[in-house]
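The values are calculated or read from the model by the stated rules, or taken from the named source; none is laboratory data. In this text the structure is predicted, and so the values were computed from the model without any measurement. With ideal geometry, Cβ positions are generated from the backbone for all residues, glycine too; neighbour counts draw on all protein chains shown. Surface areas here come from the heavy atoms of the whole protein model, side chains and all, with no ligands, DNA or RNA. Shrake-Rupley method; radii C 1.70, N 1.55, O 1.52, S 1.80 Å.
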Amino acid sequence: MVPVALQLYTLREETQKDFIGTLEKVAEMGYEGVEFAGYGGLKASELKKVLDRTGLKAAGSHVGIELLKKDLNGVLEYSLEIGNRYIVCPGVPYKSKEDYIEMAKFFNEVGERCKEKGLIFCYHNHAHEFEIYDGEYGLDILFKNTDKESVKAEIDVYWVKYAGVDLLEYLKKFSGRLPLIHLKDMDGKDRSNTEIGNGIIDFKKIVKVAEENGVEWLIVEQDECKRSPLESAKISLENLRRILKEEL
């Protein structure tokens with residue numbers, strides 16, 4: 001079974017109050033890993049001790065474009081020390097086809113630097129990358145202009161669905177280039193975020209595609225929660241585990 005992690009942005013209010021305590025709660029829920037969105041001010045050596053103690057693995061780290069430009073060496077060294085393989089750009093605004101092509105050049109450079117260190121660089125999508133330029137989605141332009149070996153995808157299924165794109169077919173396009181998938185569900189009434197299994201996205205089919213196409217981590221995320229984020233994270237894991245067992 002593909003292991004399951006939690007994107008800590010889901011619990012951003014909790015991590016701001018008690019970063020280490022929140023990691024402990026995530027481990028207690030049964031998540032196998034976490035994807036970072038900041039490190040709570042901890043030194044890499046301090047965070048590594050927490051991960052070792054809780055048994056959590058680093059499934060990835062979201063790093064903003066400005067930090068990638070300003071201090072890539074620091075980003076890479078921190079990830080190496082905590083045992084994180086995946087550096088993920090969480091998104092960039094674009095205004096034109098040329099913006100995608102220019103960003104692709106930079107991502108190729110970042111991807112190559114990551115590769116030299118034994119790490120993997122990924123790009124995470126939202127819905128705006130599905131605007132069409134000359135008959136192509138912006139996201140496709142980006143990946144067409146990046147090296148397949150050094151720039152990988154972290155597809156967010158919610159945003160693909162939100163953009164009105166065929167989710168399963170789109171995931172299959174990235175076979176062998178999709179080590180990470182972001183899982184979050186969509187409320188059928190207002191298209192808001194909801195817990196996995198409580199919305200309209202068919203995760204049974206997504207899990208099957210993931211297993212068939214070399215995905216290494218299933219990463220749960222919920223941008224906005226209508227109940228306690230900790231409760232939402234637990235519900236999503238329980239429902240996803242049930243789906244994974246049904247696929248065995």
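Under a 5 Å amide H cut-off, with hydrogens placed 1.01 Å from N, GLY91 pairs with HIS124 among residues at least 5 apart or on other chains.
Of all DSSP-defined beta bridges confined to the chain, some 15% are antiparallel rather than parallel.
Counting only protein heavy atoms and a 1.4 Å probe, segment 4-246 has 46 square angstrom of accessible area per residue.
Counting only residues at least eight positions apart within a chain, or on another chain, the aspartates and glutamates with an alpha carbon under 15 Å from that of LYS25 are GLU13, GLU14, GLU35, ASP52, GLU231, GLU238. As a calculated quantity, the FRET efficiency between GLU212 and GLU24 at R0 = 35 Å, using C-beta atoms, amounts to about 0.55. About its Cα centre, the dipole of segment 22-109 is roughly 40 debye, where the only charges are +1 on Lys and Arg Cβ and -1 on Asp and Glu Cβ. Restricting the calculation to Cα atoms, segment 29-149 shows an Rg/Rh of 1.02 when the hydrodynamic-style radius is the Kirkwood one.
Given a 1.4 angstrom probe, I'd like the percentage of the accessible area of the chain that is carbon and sulfur, rounded to a whole number. Walk me through the intermediate numbers first.
Values: 5390 of 11470 Å².
Ligands and nucleic acids excluded, carbon and sulfur reach 47 percent.
Would you mind calculating the gained length between ARG241 and GLU13 on full extension (0.36 nm times residue separation, minus the Cα-Cα distance), in nm to one decimal?
Numbers: separation 228, 0.36 × 228 = 82.08 nm, distance 2.52 nm.
Full extension of this stretch gives 79.6 nm more.
The distance separating the Cα centre of segment 51-81 from that of segment 90-125 comes to 16 Å. Beyond 18 Å in Cα-Cα separation lie the following of the pairs LYS205/LYS245; LYS161/LYS205; LYS43/LYS234: LYS43/LYS234. Applying the Karplus relation 6.51 cos²θ - 1.76 cosθ + 1.60 with θ = phi - 60° to segment 4-21 yields 3J(HN,Hα) values of 10, 10, 10, 6, 5, 4, 4, 10, 4, 5, 6, 5, 5, 7, 7, 5, 5, x Hz, where x marks Gly and Pro. The 3J(HN,Hα) values that the Karplus relation (6.51, -1.76, 1.60; θ = phi - 60°) gives for segment 134-143 are, in residue order, 6, x, 10, 5, x, 4, 5, 4, 4, 6 Hz. Gly and Pro appear as x. Entry note, the chain: relative contact order of 19 percent, from Cα contacts under 8 Å with a spacing of 6+ residues. Whole-Hz Karplus values for segment 100-117 come out as 5, 5, 5, 5, 4, 4, 5, 5, 4, 5, 4, x, 5, 5, 4, 4, 4, 8 Hz, taken residue by residue from phi with 6.51 cos²θ - 1.76 cosθ + 1.60 and θ = phi - 60°; glycine and proline positions read x.
Under 13 Å from the Cβ of LYS43, count the other residues' Cβ atoms, weight Lys and Arg +1, Asp and Glu -1, and hand me the total.
Values: positive: LYS48, LYS49; negative: GLU46, GLU77, GLU81.
Here the charged neighbours net out to -1.
Per-residue surface analysis assigns ASP140 an accessible area of about 30 Å², computed on protein heavy atoms at 1.4 Å probe radius. Only aspartates and glutamates eight or more places from LYS95 in sequence, or on another chain, were considered; those with a Cα closer than 20 Å are GLU66, GLU129, GLU131, ASP134, GLU136, ASP140. Across the chain, the convex hull enclosing all Cα atoms gives 119 Å³ per residue. Stretching ASP99 away from ASP202 to a fully extended chain increases their span by 33.8 nm, per 0.36 nm per residue minus the current alpha-carbon distance. Global dimensions of segment 133-248 from alpha-carbon coordinates: Rg and Dmax equal 14.6, 44 Å.
Each Lys and Arg adds +1 at its Cβ and each Asp and Glu adds -1 at its Cβ; summed about the Cα centre, the chain shows a dipole of about 400 debye.
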